Structures are given as structure tokens and as C-alpha cells.
Amino acid sequence: MLLTLALRNIWRNKRRTLITITAVAFAVFLASIMRSFNKGAWDNVINTSVNLFFGYAQIHANGFWDDQTIDNSMDYQEVVRSLDPSNDHILGYAPRLESFALASTGDLTQGVMIVGIEPDQEEALTGVSDKIIEGNYLDASDDGALLAKGVADKLKLGLGDTLILISQGYHGANAAGKYPVRGIFKYALPDLNKVLIYLSLKTSQHFYAADNRITSVALKIAGQRQVDKAVNSLKENLDPEVYEVMDYKELMPELMQARQLDEGGDYIVMGILYALIAFAIFGTIIMMTQERMYEFGILTAIGLGRWQLFAVTILEIITVGLLGALVGIIIAIPVVYNWSVNPLDLSMMGEEATAAFEKFGMEPLIPAAFEAPIFINQAILIFIITCILGIFPLSKILTLNPVKAMRS
Amino acid sequence: MAVIITEQIEKIYNPDKVPVHALRGVDLEIDEGEFTAIVGPSGSGKTTLLNIIGGLDTPTKGKVYIAGTDISTLSGNGMINFRKDHIGFIFQSYNLIPVLTARENVEFIMMLQKKSKKERDQRANELLDAVGLHDKKNKRPMELSGGQQQRVAVARALASKPSFILADEPTANLDSQSTADLLDMMAELNREEGMTFVFSTHDQRVIDRARRVITLIDGKIAKDEVR
Ligand SMILES: Nc1ncnc2c1ncn2[C@@H]1O[C@H](COP(=O)(O)OP(=O)(O)OP(=O)(O)O)[C@@H](O)[C@H]1O
Ligand SMILES: [Mg+2]
């Protein structure tokens, strides 16, 4: 009957209840949409970088990431032997030999990043062949090069032209070579598009005089959620003196920082939103408590315990709060779902928006993240807020004097 | 047997600021089955005395025994529980929980006493029949007249099977017909079921119905007559 009492009380002042529910629903709706877009946008940025090049995690020789020279490379066979084939979080891997070189064609020169790859394994990880706009992808024994569009433009190279590379090889050896251009690819990430050249692993090892050596192994992992498990089990198996295992967060620290900064802004906006809602709910609670003091007096006089009375009151408040959250979530779900399937197109917002996205190498599309925790968190927040605000009626009820209450 | 005994009750409001001596030593004994009115001019201390007997307020000095228990020994929640089982209350007006029907209002207190659904149903029906509201059981207080609301309040006060019922000016807001009806009903419950009633009033017609009339003046019992 206490529940009946609470539920009927909710409908006693319909207008006020509806206003409160609307206010809560509005806040939950806005917050859900905001969080979904923010999460979706950043997941998209990260997935783009991960899928295009980095992979969710990489293995290097210990110290390579801080000092990226070919002398910090490792033996290909040894790494592969160390990989635990029973680690089912890892779906595949791609070995790479990465280093820097000077590219030239007669009078034009350009600093470039040479990445030697096993074409099949690399294809399985990053799908380079999809990005090829001219020519063909490499095969394993290929002695040619794949150029990023930016590099090709800068050096004015076309298919079949010859690329000259100069660098320092393993243990200070001189490195120089001529490579025919087999294909040109275009990466959306501008930082990569300006400098990247792919050679086959064999050819690059030959160029750097680094037979059997690689600098990194990029790992194929099912998704963001499996990364921690995969990395942890790798760390258990690999000698930390010899190898370093880094996840995408460590590989792209600037991106992570930018994300945190942006999320911080989101939380401030949400904080303000929820503070406003807390005030709205608090107003309702004060009115409700004050106008019911007489009734509270009667109820304690005839024998309703204080905690029972509080239970009725808090039940009312929480029900109204959660009802508001539910309404907000129910309205938000189709909206967010629609935007997760049909990403929001920001190109209509003008050149600036488009340019900002291209800086990150992306199309100006924001897919919303359609994830249960985003919605559930809003409901939890409202629940916590209402519980905290329940302290007000609680203090009123605990100090209630029935005689005084009934005189009001 | 005495259900209410007070010993030298004094009540001083605002002892620190401007003290008001509302009761100045009240000795009282009320036996089971009484139908007693507490009368006296406005400000003489009637409400104060009823509140103290009902455990809603504490005396500054003196002791109150209800059904043999010294109620000053009860803790806050213990007192609430004690009221639930031993004392029925009828207040001047707005006694009822507005969102509950007449029947639910009567059942409410039995629910607090953890009576079974069956027992609650049966007793609520009986009581509402007894107070003449058999066709108004599912009405909310708003849909009832002042007199009907007071009758529901009487039914509720009886529902918990208390040791006695306290009523502070139960007819103050009623017209003379409703006043007469309510008094008839209370008198009948007193006669038939032996329920003890203690009520305060200003109304001479109500005073005339009482079998014992205690007159308070300036916080003291000035007259105590049994008729
Ligand atoms: N909470 C309070 N604080 C201070 N003084 C009070 C308080 N309640 C009552 N009094 C005073 O105590 C005295 C007795 O009041 P009480 O209400 O008991 O009288 P009453 O006989 O019930 O009067 P009425 O017939 O008007 O209801 C009065 O002088 C009143 O002003
Ligand atoms: Mg009074």
C-alpha cells in the first residue's frame, strides 16, 4: 500500500509532475545525444587511424618508439616464435620495417617514411589495395614501390617512373636504391599521405641491409574492447627487456589528449545541464514537501514510522526522476539510432567544418555511437541526483513534530 | 480500570523566551468505557492536554500512563508504534489521506499493523457500515462532505482497536445536523463496543452528550462532573 500511496501521490499534482518529467526528459535527451555524437565522432577518428595504419596494438623492440631508428629493430623469426598462437584475441599480424629516407627524382627531393610490408598480411590488416588510385598493389617479391599521392605529386612521379631512395642502413651501412613506381595510393590522413612509401619487406630489408629484421609488428584485434586483454596477455608472454607492446592509446597520444580535452568540455556542458535539472527537481521536492507537512503530521500521529514515510516520499521522487529519464531515453533512442546508421553530414555546415575534419583525414560525417551504456548512465545520474536531493525531505521527516506540522 | 492516568502535568511553551504556562498541574484518571468531554475557554489548555495524553507532545513536568505504560520511557519510533496500537486519533479536519479512498484510509492503519488482507477488508467494511457510509466506501475524501470525512476518521481511529480515541474538537467544522449524527455514532460505538472516547469541544450540544465533563481553566482542572 505504501507503493500505491507513492504512485497515487505522483498523479495528485499532474501538472507539476508532467513539468518535472519533461524537464528531466529534455536533459536526458540532450545529454544522450551529445554523448553519442561525441563518442561516435572520436571512435570514428580513432578507428580511422587504427584501420588505416596503426592497428590496435604494436610490438616493437624495446625502446624503438622513443628512438625510431633501424638499429632498434628486431629479428623477424624470433618475434613470430614468441607470439603465442593460442592467444585468440589476436586475429592476425603484419610485420613492418619502418624507417626514414630521402626520396628524389633528379632535382626534386623529399623526406619520406619507408615502410616495408608483407603485402598479404598488410592487406589483411589495413586493406591498402582499396586506397590505390593508380597502378597495382605489391606482391611479396616485388622490387617496386607504392607511393602515397602526396609524395608522388611532390616528386612529380607517375606509374613506371623511377624513384631514388637514399638513407642510412642497419649499423651505419650506406643505403641507396632505385625502384619503379608500381602504384599510387591516397590516404585520408594528411600526415601519412605526405610521406608514406611502401616497399615489399624483402626489398626494404635489402635496401637497409637489414636481412630478417623488422621494426614493428602491427596486430589485428577484433575491436577496441578486446585490446586490453590482448595486450595484457602479450605482455605476459614477451620479455619486457626485449620487446615493448603498445596499444593504440600509446601509439596515438596526441589524439587521446585531444579526445580527453574535448570530453572534458562535454562533461562541463553536461554538468551545467544536470545542475539545472537538479534545481528543477529540487524545486518540485520543496513544494511537495511543504504542502504535505500537514499530511505528514497526520500520518506520523496515527502511527506511520518516519522511515516508512520517507520511503513513500523518496519512492515518489525517484519514480518521477526515472520516468523522466525513461521518456528522454525513449525519445533519444530512435534519433541516435538514425544518426548511427546515417551519419550526420557536416559538409552542409560549410567549408570550415569540412576542413576541420580533413585535418584528421576524415570525411565530414559524424556517426553517433549507439551504445546502451550512454543511455543507462543518464538514468543512473538522474537516480543519484534524486537520491541526493532526497536528503531534504528526509531531514524534514526526521525532525518532524506532528503537532507543529498539523498547525501549518 | 484506568486507561489514562496523568500525574501533575505541567506544560510550559517557550521556556527560554516568553514562557506560556499552558498546563499547571493536571491530575486526571480516565477509565475504560468513558465518554468524556474536556471543555474550557479558548487558550485554557485543552489541545495541549490531549496532545500530551496522545504522546504527540511531551509535558514539561509530570507523568502520563497509557494502558499501564509510562510513555516518557518510549523512544521516538517506539512512541509512533505505541500510538499506532493504543491510541485512535480524530483531528478537527483534513484527517484523511487525500489520495486514498475511504476504505483504503481505514485499511491503512491495519496495514501498518500488518493485519492480513482478509481481516483488513472485513473490518474496514464493518466499520464503514457502522458509521453509515456503506455506499461511499470507494470515494476519495474530496468527494465526501465534512461530516462524512469525520465519520471515516472515526472508522479509521477504531480500525486499529486502540485503547481509547482522542478527538480534539471533532465537530468544530461541522453543521449542526452533521454534529448530531457524528455524536450519535460515537455514543453508539461507546455503548455497543465499549470504546473509550475523550474529546474536547466548545459546543454546548456536544457537551450535553458527554457523561463526564472536565472543565479546564488556565491550565488547571476547575471542575470535573460525572452525570
Ligand atoms: N506551540 C505553542 N507555543 C507557544 N504557546 C502555545 C503553543 N501551543 C499553545 N500555546 C499556548 O498555550 C495555551 C493553551 O493552548 P491550547 O491550544 O492548549 O488551548 P485550547 O484550550 O486548545 O484553546 P482553543 O479552545 O482555542 O483550541 C494558549 O495560551 C496558547 O496560546
Ligand atoms: Mg484547542
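Some observations on this one:
- Sole exception among (1) more than 16 Å from ligand 2 (Cβ to nearest atom); (2) crowded, with 19+ Cβ neighbours inside 10 Å; (3) free of Cβ contacts under 8 Å to residues at least 60 places away in the same chain for B:Ile52, by number: (1)
- Flag if A:Ile59 is over 30 Å from A:Ala175 (Cβ atoms) and either at pLDDT 90 or above or assigned by TED's automatic domain parsing to the domain that holds A:Trp339 (or both): no
- Flag for B:Val39 being more than 15 Å from the chain's Cα centre (by Cα), within 16 Å of ligand 2 (Cβ to nearest atom), of a type in the set (Val, Ile, Thr) and within 30 Å of B:Leu183 (Cα to Cα): no
- Within the stretch B:72-91, tally of residues that are more than 7 Å from chain A (Cβ to nearest Cβ) and surrounded by 18 or more Cβ atoms within 10 Å (Cβ to Cβ): 6
- Identity of the residue in the stretch B:17-31, touching a Gly at 6+ places or on another chain (Cβ under 7 Å) and more than 14 Å from ligand 2 (Cβ to nearest atom), that ends up farthest from the other protein chains (Cβ to nearest Cβ): B:Arg24
- Those strands (runs of 3 or more DSSP E) lying entirely in the stretch A:192-272 with at least 3 residues in the same structural domain as A:Ala101 (by TED's automatic domain parsing): A:196-200, A:216-221
- Enumerated strands (runs of 3 or more DSSP E) restricted to the stretch B:29-116, each holding at least 3 residues that are not β-branched (Val, Ile, Thr): B:61-66
- Apart from one condition, B:Ala2 fits all of (1) at pLDDT below 95; (2) under 30 Å from B:Arg151 (Cβ atoms); (3) in contact with a Lys or Arg (Cβ under 8 Å, 6 or more places away or on another chain); (4) not hydroxyl-bearing (Ser, Thr, Tyr); the exception is (3).
- Test: A:Asn13 is in contact with a Leu (Cβ under 9 Å, 6 or more places away or on another chain), in contact (Cβ under 8 Å) with a residue 12 or more places away in the chain, more than 15 Å from A:Ile318 (Cα to Cα) and surrounded by fewer than 22 Cβ atoms within 10 Å (Cβ to Cβ): no
- Within the stretch B:149-173, the set of residues being within 16 Å of ligand 2 (Cβ to nearest atom) and farther than 18 Å from B:Ala102 by Cα comprises B:Leu166, B:Ala167, B:Asp168, B:Glu169, B:Thr171, B:Ala172, B:Asn173.
- Count of the stretch B:214-225 residues which are part of a strand (DSSP E or B), touching a residue at least 60 places away in the same chain (Cβ under 8 Å) and either away from ligand 1 (no atom under 16 Å from the Cβ) or crowded, with 18+ Cβ neighbours inside 10 Å (or both): 4
- Taken over the stretch B:106-121, the criterion of being touching a residue at least 12 places away in the same chain (Cβ under 8 Å) and within 7 Å of chain A (Cβ to nearest Cβ) is satisfied by B:Phe108, B:Ile109, B:Leu112.
- All of A:Val320, A:Val327, A:Val336, A:Val312 fail the test of being closer than 30 Å to A:Lys220 by Cβ and β-branched (Val, Ile, Thr), apart from A:Val336.
- Tabulated pairs, the stretch B:143-169, first farther than 21 Å from B:Arg191 by Cβ, second within 16 Å of ligand 1 (Cβ to nearest atom) and among the aromatic types (Phe, Trp, Tyr), C-beta under 7 angstrom, 6+ apart or interchain: B:Asp168/B:Phe91
- Residue, surrounded by the most Cβ atoms within 10 Å (Cβ to Cβ), within the stretch A:110-140, restricted to residues that are of a type in the set (S, T, N, Q) and at pLDDT 90 or above: A:Gln121
- All positions within the stretch B:175-209 that are within 16 Å of ligand 1 (Cβ to nearest atom) and outside any strand (DSSP E or B): B:Thr201, B:His202, B:Asp203, B:Gln204, B:Val206, B:Ile207
- Some residue of the stretch B:34-45 being of a type outside the set (Ser, Thr, Tyr), more than 16 Å from ligand 1 (Cβ to nearest atom) and over 23 Å from B:Glu188 (Cβ atoms): no
- Contacts under 8 angstrom Cβ, first residue in the stretch B:91-105 being touching a residue at least 60 places away in the same chain (Cβ under 8 Å), partner in a loop (DSSP other than H, G, I, E, B) and not hydroxyl-bearing (Ser, Thr, Tyr), 6 or more apart: B:Phe91/B:Pro170; B:Gln92/B:Glu169; B:Gln92/B:Pro170; B:Gln92/B:Ala172; B:Gln92/B:Asn173; B:Ser93/B:Ala172; B:Ser93/B:Asn173
- Considering (1) buried (at least 22 other Cβ atoms within 10 Å of the Cβ); (2) within 14 Å of another protein chain (Cβ to nearest Cβ), the lone condition that A:Asn401 does not fulfil carries the number (1).
- Looking across the stretch B:155-173, the residues that are part of a loop (DSSP other than H, G, I, E, B) and either of a type in the set (S, T, N, Q) or within 16 Å of ligand 1 (Cβ to nearest atom) (or both) come down to B:Ser160, B:Ser163, B:Glu169, B:Pro170, B:Thr171, B:Ala172, B:Asn173.
The values are calculated or read from the model by the stated rules, or taken from the named source; none is laboratory data. Since the structure is predicted, the reported quantities are computational estimates derived from the model, not experimental observations. Reconstructed Cβ throughout: ideal geometry from the backbone, glycine too, with neighbour counts over all protein chains shown.
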